[in-house]
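Contents: one structure, followed by commentary.
The values are calculated or read from the model by the stated rules, or taken from the named source; none is laboratory data. Quick caveat, the model's predicted, so the values are computed rather than measured. Reconstructed Cβ throughout: ideal geometry from the backbone, glycine too, with neighbour counts over all protein chains shown. Quick note on the areas: whole protein, heavy atoms, side chains included, nothing else; ligands and nucleic acids left out. Shrake-Rupley method; radii C 1.70, N 1.55, O 1.52, S 1.80 Å.
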Amino acid sequence: MGSTPTALSSLRCRTMAKNSLSKVRVAIVEDDESARRSLARLLRAAGMQPTTYASAEDFRADLPQPWFACLLLDVQLLGMSGLDLQRQLAAEGVATPVFFITAHDDPRAREEAMAGGCAGFFRKTDAGSALLDAIRRVV
Amino acid sequence: MNWITIAWPMVASACLTLGLIELRIGLTQPPRAARLLFALSAFAVAGIAGLELALTRADSLADWWPLMRWLDIAVGVMMVSLTAFIWVYFGTGNTWLALAVPGLYAVGLAFDYLSGSGPGSGMTYQQITGFRTVETFGGVTFNLAEGVPNPWNVFPYLAVLVLIVFVVDASARLWRRGGRWRAAVVGGAVVVFFLVGGGQAALIETGAVQMPYLISWAYLAILVAMASELHADVLAAAQLASRLQDSEMVLQRLRSQLAHASRVSLLGQLASALAHELNQPLGAILRNAEAAELFLAQEPPDLDELRAILVDIRQDDLRASGVIERLRSLLKRRSLAPCALSVGDLLSTVAALTRGDATARKTRLEIAAAPGLPLVMGDAVHIQQVLLNLVLNAMDAVGHLPAERRQVTVGAQRRDERDLEMTVSDGGHGIAPEQLGQLFEPFFTTKPHGMGIGLAISRTIIEAHGGRIWAENNTSAGATFRFTLPLVEESTAP
């Protein structure tokens, strides 16, 4: 089981602490159904309140826009990409922190995301604890 | 042995050699007619040299007259073949002048045979008065006929003059058309040496000089000039052949490099698409496992959630092993192994392989397969390569369009009793009508960085399956690529 349980148990303690407060609302924009469901499940298990969208367009159409502590965007999306959405939001002055999650670690996409001021860039196979830690740091 | 008996046979053998070389080349290599005519004129001049030598020894009318008549015939053959050679080789000669040469000479030659005044009376002389032995350079002696020139002797000289005019005229035209070197060397040589040879003969026959005929010497010079031109052609052809061989080797090397490059890029494409495909289920399994641990730590554990997680993990695991199975079959290099294939499986594999590209290029990939399609006979890996290639091309074709119009449609429908037709359509610029036929040629490409081998390979694959592949422009916009695959015969269907 390696180091993951340790990392997760430390996560758990903090999760418990957070649970007493109001839940952290996180938007997930991800076109792969299974990836979307599992990520939402992890956030829920970690005591957050995820809202899922299958595309950037769906996310934009969800009006009035709920308040989110942060956004988790897939880089490759059908239609508008995660990077496009990040640009649009930045242009509109939305300051919500953005995390990218990708199945395809393309250095160019990573550079572009970093240049756009994203709060973090994760691969789908990176440990969930790292993502959860990063989310907690920004909220 | 003296210099006359050495020099004339040398001229004759030189002419024979040149003639035989051109005859040999002319039997296989162009310009064949020119080479054969050249050979004929060379043999005629060899004959002329031999006859000239024999005439230097003739001291009686009985010896001299048959030789003289043969000489006149040989000169005629030489002149006619030379005229024909220039006609063929330059391609610029005047028809009437060319026909006048044999015509005029034939009239002159007729005197040798039709004159009723007995031996010696013919084209050249009206009457032979006697033979003299003359001493020339180096104290060598030879015999010379003396006689009254025939006043009708004008015809052969006219023939020579017309021949000169013909050659000058043909050379001038060739010069204007750009064949300057050939016109100058061959045309110039013919004119100069006809003037020398004909002039010297005229001087002998009018008794102005006393020397053997030098016709063959003059003509040997013409032959050398003509041969140098013809041989230049042979040399140029040989050089061209060796250059062609070089460029063919370069092409061969290039071709194998390109084939390798295309394999590498196709593999790169597959590897990247499959990595993406694998990371989706692997990432989902990881998230689910992490979530399960967190749920298990809760009191009481949410068992419904845990059950749902296990179901999802199992599904993602199956999805991942499906990807690996595909990877294995795609990477296995083997010869064509056709088996019964489901069209739906083919299409969904291709959709999965190109999904990464589709999203990156913001292109919608629509699969429009008619329901209930029968199985086709084919090698899945190869057919997928063809579809992949066509779909990526179609995505290139719509790349310039606004995102909402970037769509590629892959379709499949039954064509007739024996064939299924698959189509890949785009809404791009379409294909220029004159390019429709060339599209599938190796190295034909319209892309700035294209290699022009994708479609050529596709055609090879489809034809190996017994199908056809072609392209046509849509009535609205863009192009459709179609290929056929044989259906599995009813009796052999599993």
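Across segment B:337-492, the relative contact order, built from alpha-carbon pairs under 8 Å that are at least six residues apart, equals 24 percent. Solvent-accessible surface of segment A:4-138, taken per residue with a 1.4 Å probe and all protein chains present: 44 Å². Buried by at least 50 Å² relative to the chain on its own: which residues of segment A:76-90 qualify, computing accessible area with a 1.4 Å probe on protein heavy atoms? Buried by the other chains: A:Gln76.
The portion of the accessible surface of segment A:53-139 made up by carbon and sulfur, rounded to a whole percent, is 55 (1.4 Å probe; DNA, RNA and ligands excluded).
Scalar couplings 3J(HN,Hα) for segment B:4-12, obtained by applying the Karplus form with A = 6.51, B = -1.76, C = 1.60 to θ = phi - 60°, are 5, 6, 8, 5, 5, x, 5, 4, 4 Hz; x denotes Gly and Pro. Peptide A:38-51 shows a mean partner chain C-beta count of 5 within 10 Å per residue C-beta.
On a per residue basis, the convex hull of the C-alpha atoms belonging to segment B:294-421 measures out at 171 Å³. Ordered from largest to smallest accessible area (heavy atoms of protein chains, 1.4 Å probe), the residues B:Ile324, A:Ile28 come out as B:Ile324, A:Ile28. Per-residue Karplus couplings for segment B:101-110, computed as 6.51 cos²θ - 1.76 cosθ + 1.60 with θ equal to phi - 60°, are listed in order as 4, x, x, 5, 5, 4, 4, x, 5, 4 Hz, Gly and Pro entered as x. Rounded to the nearest 0.05, the FRET efficiency derived from the C-beta distance between B:Gln413 and B:Thr460 at R0 = 30 Å is 0.80. Close amide-amide hydrogen proximity is noted between A:Thr51 and A:Val26, A:Ala27, A:Ile28, each under 5 Å apart and 5 or more residues distant or on a separate chain (H modeled in the peptide plane; Pro and chain starts excluded). In plain terms, the chain from A:Ala115 to A:Ala90 could stretch by 7.8 nm, reckoned as 0.36 nm per residue minus the Cα-Cα distance.
The slack between B:Trp181 and B:Thr141, meaning 0.36 nm per residue of separation minus the straight C-alpha distance, is 10.2 nm. Shielding of peptide A:29-37 by partners, expressed as the average count of other chain Cβ atoms within 10 Å per residue Cβ, is 5.
Think of it as helices only: each DSSP H run of n ≥ 4 in the protein assembly as shown is worth -39500 (n - 2.57), and spread over all residues that comes to -20000 deg cm²/dmol at 222 nm. When you work out D = kT/(6 pi eta Rh) for the protein assembly as shown at 4 °C and 1.567 mPa s, using the Kirkwood radius from C-alpha pairs as Rh and the Stokes-Einstein form, the result is 39 µm²/s. Annotation for B:Leu244 and B:Arg24: the two label points, set 7 Å from Cα along the Cα-Cβ direction, are 2.2 nm apart. A simple packing score, the average count of other Cβ atoms within 10 Å per residue, orders the peptides B:392-402, B:236-246, A:92-102 as B:392-402, A:92-102, B:236-246, with the highest score first. Residues of segment B:133-171 with an amide N closer than 14 Å to a point placed 7 Å from the Cα of B:Leu203 along the Cα-to-Cβ direction: B:137. The 3J(HN,Hα) values that the Karplus relation (6.51, -1.76, 1.60; θ = phi - 60°) gives for segment B:196-208 are, in residue order, 5, x, x, x, 5, 4, 5, 5, 5, 6, 8, x, 6 Hz. Gly and Pro appear as x.
The B-A contact accounts for approximately 2600 Å² of buried accessible area, totalled over both chains at a 1.4 Å probe radius. Mind jotting down the distance between the C-alpha centroids of segment B:199-251 and segment B:15-30, whole Å? Distance between centres, Cα-based: 12 Å.
Calculated FRET efficiency, B:Thr95 to B:Ala62, Cβ-Cβ distance, R0 = 56 Å: about 0.85 to the nearest 0.05. For B:Val134 and B:Glu441, a Förster radius of 56 Å and the Cβ-Cβ distance give a FRET efficiency of 0.15, rounded to the nearest 0.05. Highest average first, the peptides B:179-185, A:111-117 ordered by how many other beta carbon atoms sit within 10 Å of their residues are B:179-185, A:111-117.
Near B:Met78, once Lys and Arg are set to +1 and Asp and Glu to -1 for all other residues with Cβ below 14 Å from its Cβ, the sum equals -2. Computed in the context of the full set of protein chains, the accessible area of segment B:3-244 at 1.4 Å probe radius has 70% of its extent on carbon or sulfur. The mean number of partner chain beta-carbon atoms within 10 angstrom of a residue's beta-carbon across peptide A:120-128 is 4.
Note that segment B:191-248 presents 49 Å² accessible area per residue, ligands and nucleic acids not counted, probe 1.4 Å.
Taking all protein chains together and rolling a 1.4 Å probe, B:Arg319 ends up with roughly 70 Å² accessible.
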